[in-house]
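My questions will all concern the structure given below.
A short reminder: the numbers here are calculations on the coordinates, not readings from a lab. Note that this is a predicted model, so its numbers are computed, not measured. Positions of Cβ are backbone-derived with ideal geometry, glycine not excepted, and every protein chain shown enters the neighbour counts.
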Amino acid sequence: MDLGLLASGLLVTLELAGLSIVLSLVLGIAIGVMRAAPVAPVAILAEGYIAFFRNIPLLIVLFFALNGLPASPLGIRLSYFETAVAGLVVYTAAYVAEVVRAGVQALSRGQTEAGRSLGMSWLQTMRLVLLPQALTAIVPPLGSVFIALTKNTALASTIAVPELLYQSRIIESRTFNPNVLLLTGLVYLAVTLPLGGLVNYVEARMSVVGARSQGGR
Amino acid sequence: MAAEALSVGSLRRRSRAGLSNRQQSMIGVAAVLVFLPLVFRMEPRNFTPFTELAIWRFLGEGVVTVLVVSIVAIVASLPMAAALALGRLSSQRPIRLACTAFVEGIRALPLLLLIFYVFLSLPRDLPAFLSRETIALTAALMVYTAAVNAETLRAGILALDPCQMEGARSLGLGHWGAMRYVVLPQVFRDTLPSLIAQFTTLVKDTSLGSVISMVELVQRGIIIFQGFRNPMETLYIVALLFFFLNFAMEQISISLRPSAAER
């Protein structure tokens, strides 16, 4: 059994997950902020994005990116890896946006009113008052979204990205031994379980910080 | 009714331009659906296959497959989920550990890996009234859904007032009798919306069947666009079908959510 293949697959999976986490966080926050915006068309468009991409399978988003990006007017030509990142980011951003929106709207209305009455614009209020508070509160749900994203990177194997599942299927097709997938499963566990632990750790740290700042108030 | 809607509307800050959340959602999705063909330059003539009834019948069989697999998987997962939830709450340490390891392990794995593993491990010569692909997909979805629903049910059992158990025990029911006749029925009722939300995930996850070349909805889409060479347009239609399936499920789930008065 060729463990080198699995190791290279793991590396691609980690790159795929890391890049997609960062980019989907950026896109997701942008769409979540748009969803909470006081301008109706912007908010409604953001809501449409969230509702649409949360209700269709990731596989379709990936196939769409694979076939569609080169054909679009922009004529974007991406490698398979970049296509997978694009699909994962577009899909996951909808979940991130929903979490961000919930976090912002759970804050007291007084926060927005206070920011606005201090002379800040709506965007400034969002950036300086609402988002910093919301972000600390949404770490646990964001963590679950990113763990799901990490598991979803396995779908990149369907568009020929040589990640963990793809490599283990190559090994399986050479050896006819499906148990190699059990080994791959353990590798996935070794990635996703610590990620869950990390989320718990960050959550604990942040709640301590939150308690302190509240005590100082 | 109108007065009630008015007061709810004025209380709900989120409503914009006097629209309810659901209306906003529908308008937004409609905008996205108009936007996509423009961005990806879909051509009207590539939609012509979808004016034919035969194509819709072909896709409709895919929708039926998706629904049947999802329903079978979720119904079959419930007894297993209940067993796992009770196992995690068991006073016996080995049972508790085994169930915890199983639930957490399955939930931490990519579903696609599970599907491949089940598919590749199935014996070659199965009694063939169902395809190997269908059996593998349904079984993998069932196990995965059982692990997820076990957590929902466990949370439901923990959230139920302990007086329910104590009351049942003091009426002379044993621990298992109380679980079966008093606790679990209430837990199933309370967690029904979450269990149905899981159904949405399940419907989306049936698309993974196409990866093991099972002829479900996505695979039927692939067959169509390989014939007509219109991948974008066909994927668009398939995405629409998935969206409306899930949208319908969501509406059912909302209507089943117990109102404040019933609690």
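What is the distance, in nm, between label points placed 7 Å from the Cα along the Cα-to-Cβ direction at B:Leu33 and at A:Ser79?
It works out to 3.8 nm between the two label points.
Taking 56 Å as R0, compute the FRET efficiency from the Cβ-Cβ separation of B:Arg169 and A:Arg205 and round it to 0.05.
0.85
Roughly how many debye, to the nearest 20, is the charge dipole of chain A about its Cα centre, given +1 on each Lys and Arg Cβ, -1 on each Asp and Glu Cβ, and no other charges?
Rounded to the nearest 20 debye, it is 580 debye.
Something else: Considering all alpha-carbon pairs of the stretch A:3-216, what whole percent are spaced by more than 27 angstrom?
Every Cα pair in the stretch A:3-216 considered, those over 27 Å come to 42 percent.
Still on this structure: Just the Kirkwood number for the protein assembly as shown, please: inverse of mean 1/r across all distinct Cα pairs, in Å, one decimal.
Roughly 24.5 Å, rounded to one decimal.
Per-residue Cβ counts within 10 Å, from other chains only, averaged over A:165-177: what number is that?
1
For the stretch B:53-256, build the charge dipole from Cβ charges (+1 Lys, Arg; -1 Asp, Glu) around the Cα centre, then report which of B:Gly87, B:Leu235, B:Val148 sits farthest towards its positive end.
B:Gly87
Ok, one more. Could you tell me which of A:Met126, A:Pro178, A:Gly48 has its Cα farthest along the dipole of the stretch A:3-216 towards the positive end, charges placed at Cβ (Lys, Arg +1; Asp, Glu -1), taken about the Cα centre?
The listed residue farthest towards the positive side: A:Met126.
Further, regarding this structure: Mind running the shape call on the stretch B:175-223? Use the C-alpha gyration tensor, a ≥ b ≥ c as the square roots of the eigenvalues: rounded below 1.5 for a/c, prolate if a/b tops b/c, oblate otherwise.
It is prolate, given that a/c is not under 1.5 and a/b is the larger ratio.
Let me ask something additional. Per residue of B:101-113, count partner chain C-beta atoms within 10 Å of its C-beta, then hand back the mean as an integer.
Shielding by partners across B:101-113 averages 6.
While we're here: Based on Cβ point charges of +1 for Lys and Arg and -1 for Asp and Glu, what charge dipole magnitude is obtained for the protein assembly as shown about its Cα centre, in debye rounded to the nearest 20?
Here the size comes out at about 960 debye.
Averaged over peptide A:180-187, how many Cβ atoms belonging to another chain are found within 10 Å of each residue's Cβ?
Per residue, the average neighbour count from other chains is 4.
Given Cβ point charges of +1 (Lys, Arg) and -1 (Asp, Glu) and nothing else, what value in debye, to the nearest 20, does the dipole of chain B about its Cα centre take?
Value, rounded to 20: 480 debye.
Using θ = phi - 60° and the Karplus relation 6.51 cos²θ - 1.76 cosθ + 1.60, list the HN-Hα couplings for the stretch A:88-96 in order, rounded to whole Hz, with x at every Gly or Pro.
4, 5, 4, 5, 5, 4, 4, 5, 4
Points 7 angstrom from Cα along the Cβ direction at B:Tyr181 and B:Phe247: gap in nanometres?
4.7
Between B:Leu97 and B:Ser121, what FRET efficiency comes out of the Förster formula 1/(1 + (r/R0)^6) with R0 = 30 Å and r the beta carbon distance, rounded to 0.05?
Efficiency, rounded to the nearest 0.05: 0.75.
What list of ³J(HN,Hα) values in whole Hz, one per residue of the stretch B:224-231 in order, does the Karplus curve 6.51 cos²θ - 1.76 cosθ + 1.60 (θ = phi - 60°) give from phi, with Gly and Pro shown as x?
Each residue's phi maps through the Karplus curve to give 5, 6, 6, x, 9, 6, 10, x Hz.
Enumerate the calculated ³J(HN,Hα) couplings along the stretch B:167-182 in order (Karplus 6.51 cos²θ - 1.76 cosθ + 1.60, θ = phi - 60°), each rounded to whole Hz, writing x wherever the residue is Gly or Pro.
x, 5, 5, 6, 7, x, 6, x, 4, 6, x, 5, 4, 6, 9, 10
Moving on to the next point. In degrees, nearest 10, range 0 to 90: what is the angle between the Cα axis of helix B:184-205 and the longest Cα principal axis of chain B?
20
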